[in-house]
1. Restricting attention to the stretch 128-162, report how many residues are within 18 Å of residue 209 (Cβ to Cβ) and surrounded by fewer than 15 Cβ atoms within 10 Å (Cβ to Cβ).
2. How many residues are more than 19 Å from residue 93 (Cβ to Cβ), at pLDDT below 85 and surrounded by 15 or more Cβ atoms within 10 Å (Cβ to Cβ) if we restrict to the stretch 6-35?
3. Starting from the stretch 174-187, keep only residues that are over 22 Å from residue 119 (Cα atoms), then list their pairs with residues that are in a loop (DSSP other than H, G, I, E, B) whose Cβ atoms are within a distance under 7 Å, requiring at least 6 positions of separation or different chains.
4. Tell me, which helices (runs of 4 or more DSSP H) wholly within the stretch 117-179 include 3 or more residues that are closer than 23 Å to residue 106 by Cβ and out of contact with any strand residue (DSSP E or B) (no Cβ under 6 Å at 6 or more places or on another chain)?
5. In the stretch 192-228, which residues are more than 20 Å from residue 41 (Cα to Cα), part of a loop (DSSP other than H, G, I, E, B) and either in contact with a helix residue (DSSP H, G or I) (Cβ under 8 Å, 6 or more places away or on another chain) or modelled with pLDDT under 95 (or both)?
6. Please specify each residue of the stretch 229-255 satisfying the condition of being surrounded by fewer than 18 Cβ atoms within 10 Å (Cβ to Cβ) and in a strand (DSSP E or B).
7. Quick test for you: out of 181, 202, 256, pick the one residue that is within 29 Å of residue 125 (Cβ to Cβ) and within 17 Å of the chain's Cα centre (by Cα).
8. So which residues in the stretch 218-228 are closer than 14 Å to residue 128 by Cα and exposed (fewer than 15 other Cβ atoms within 10 Å of the Cβ), if there are any at all?
């Protein structure tokens with residue numbers, strides 16, 4: 001669920017987690033509601049979507065936060081040691097410690113799962129959600145169907161499997177990732193959120209089926225949900241037109257509050 005291209009940028013700041021982990025982040029002070037960007041699996045906060053939203057925040061004078069989970073980007077830890085629960089804790093810690101007041105959370109791919117977990121934990125502070133190829137529950141609903149029986153057997157026997165990726169780095173899927181993922185599923189019951197939600201999904205997404213957006217819509221309690229399906233859109237949705245659509249979506253959400 002990696003979906004961001006990286007760029008050089010200024011030095012980051014560090015949030016010291018209570019567990020001893022170091023969470024790298026960039027933050028802008030500004031008006032409310034703030035914008036928080038949550039990245040995808042094996043992605044980091046230097047991707048084109050994260051930077052496009054930062055440019056939007058600067059232009060509008062909105063508060064903005066982007067960060068790396070443990071084992072991603074500039075944060076401490078090894079990727080293979082990460083789990084959905086661990087990364088959700090990172091997301092919540094960043095949300096609690098580095099933002100104030102109402103926030104619009106933007107979640108890309110796996111970040112859509114982190115977005116929903118964070119929002120459910122802090123519903124009173126979430127003004128809106130924007131999912132980009134959101135992939136909640138992907139360890140349960142997508143990966144077992146994408147991996148071969150041999151690869152799944154390797155996970156059980158060795159504790160992990162390495163799978164070639166169409167992006168920069170190969171994927172590492174661990175048994176802990178699957179086991180822990182089952183403890184954080186969000187699409188099995190109603191998602192008790194009432195904020196406005198916008199979901200962007202490409203019809204040519206080969207990593208996360210566009211029908212996932214419909215499932216998210218059906219599970220959310222909110223009545224204010226809009227889904228945008230992009231005819232030629234891929235999983236990353238990071239082309240120039242995609243970034244413009246994303247910033248328009250976030251702008252409209254802020255202006256409508």
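1. Counting residues in the stretch 128-162 that are within 18 Å of residue 209 (Cβ to Cβ) and surrounded by fewer than 15 Cβ atoms within 10 Å (Cβ to Cβ) gives 3.
2. Total meeting the criteria: 1.
3. Hits for this filter: 174/159; 175/159; 176/83.
4. 138-141
5. 192, 193, 194, 195, 196
6. Hit for the stretch 229-255 is 229, nothing else.
7. Exactly one of 181, 202, 256 is within 29 Å of residue 125 (Cβ to Cβ) and within 17 Å of the chain's Cα centre (by Cα), namely 181.
8. 221, 223, 224, 226
The values are calculated or read from the model by the stated rules, or taken from the named source; none is laboratory data. The structure displayed is predicted, hence computed values, not measured ones. Glycine also receives a Cβ, built like all others from the backbone with ideal geometry; neighbour counts cover every protein chain displayed.
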